[in-house]
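Report on the structure given below.
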Amino acid sequence: MEISVIQPSRNNLKYLKWSYDSIRKNQGDHVVEICVADDASTDGTWEWCQDKVNNDPNFKAIRNEGPGRLGHTILYDTLINDVSTKDIAMIYHADMYLCPKALDNIEKYIKPKVIVSLTRIEPPLHPEGPEKILKDYGLEPEAMKEKDLLEFISTSNYKDKTTEGIFAPWAFYKKDFQTINGHDPLFAPQSKEDSDIFNRLQLNGVKFIQTWEG
């Protein structure tokens, strides 16, 4: 599978580096094009992006010069429409860690008119929801209990099942996303995403699957 990972980021360099390393470590046999939008960061994000562009042929980056931010609602769509080159894209937060086999499971379920979301595992900082599992494997990259996380994934009774809900990371065929003209710019530059996009996709005949393993 060839897939573009869509990552806007603002002053999030520590996590962006961690996320990048996890993608490259666990992408398997898939061709992964990482597309980053630096939203007027002041923490060295753009300099890091330039280094990756020069050394990773499957890394692309754009920058909002600022001083104000555009917000990820706008930058998701810019990366998808103007930067990514793969038919499949995945909206992926800049502070997410990609586990082994995650992309295998996307490939297993993805097809036109189907959106595949990966089940998140995160510390109990926010309320429970059907789209995630609350488990504390570390609040910061340097404190991550990777061995414990991977053991939980490999032994959990969720294995080979799907869960309910939809949230990032979610993968889709770009043509399905573009048919509804993407996100509503009304939400920019708010910190909350355009959750109505899922309703509009469903009205356009798109189905949702949230895979667990990986």
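Numbers at a glance
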quantity	calculated
Residue tally, condition within 21 Å of residue 26 (Cβ to Cβ), outside any loop (DSSP other than H, G, I, E, B) and open to solvent by 30 Å² or more (accessible area, probe 1.4 Å), over region 58-92	1
Among the residues listed as 95, 104, the single one being assigned to a loop (DSSP other than H, G, I, E, B), open to solvent by 60 Å² or more (accessible area, probe 1.4 Å) and of a type in the set (Asp, Glu)	95
Considering residues of region 1-49 that are at positive phi and not aliphatic (A, V, I, L, M) only, the residue least open to solvent (accessible area, probe 1.4 Å)	44
Answer residue from region 107-121, given it is in contact with a strand residue (DSSP E or B) (Cβ under 6 Å, 6 or more places away or on another chain) and assigned to a loop (DSSP other than H, G, I, E, B) and is farthest from residue 4 (Cα to Cα) among those	119
Residue list for region 148-170, restricted to those being part of a strand (DSSP E or B) and either open to solvent by 50 Å² or more (accessible area, probe 1.4 Å) or modelled with pLDDT under 85 (or both)	162, 163
Single residue of region 190-214 satisfying the filter (in a loop (DSSP other than H, G, I, E, B) and modelled with pLDDT of 75 or more) that is nearest to residue 156 (Cα to Cα)	206
Residues located in region 137-147, provided they are part of a helix (DSSP H, G or I) and either basic (Lys, Arg) or open to solvent by less than 70 Å² (accessible area, probe 1.4 Å) (or both)	141, 143, 146, 147
Residue within region 79-91 that is touching a helix residue (DSSP H, G or I) at 6+ places or on another chain (Cβ under 7 Å), modelled with pLDDT under 95, of a type in the set (A, V, I, L, M) and over 30 Å from residue 154 (Cβ atoms) present	no
Output for region 18-48, where each listed residue is outside any strand (DSSP E or B) and under 16 Å from the mean Cα position of the chain (by Cα)	18, 19, 20, 21, 22, 23, 24, 25, 26, 27, 30
Residue match in region 50-57 (condition: open to solvent by 30 Å² or more (accessible area, probe 1.4 Å), at pLDDT 95 or above and under 27 Å from residue 197 (Cβ atoms))	no
Some residue of region 171-189 being charged (D, E, K, R), modelled with pLDDT under 80, more than 18 Å from the chain's Cα centre (by Cα) and over 19 Å from residue 119 (Cα atoms)	yes
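The values are calculated or read from the model by the stated rules, or taken from the named source; none is laboratory data. Worth saying up front: this structure is predicted, and the values here are computed from it rather than measured. A quick note on method: Cβ atoms are made from the backbone with ideal geometry, for glycine too, and the neighbour counts reach across all protein chains shown. Surface accessibility is based on the protein's heavy atoms, side chains included, excluding ligands, DNA and RNA. Shrake-Rupley method; radii C 1.70, N 1.55, O 1.52, S 1.80 Å.
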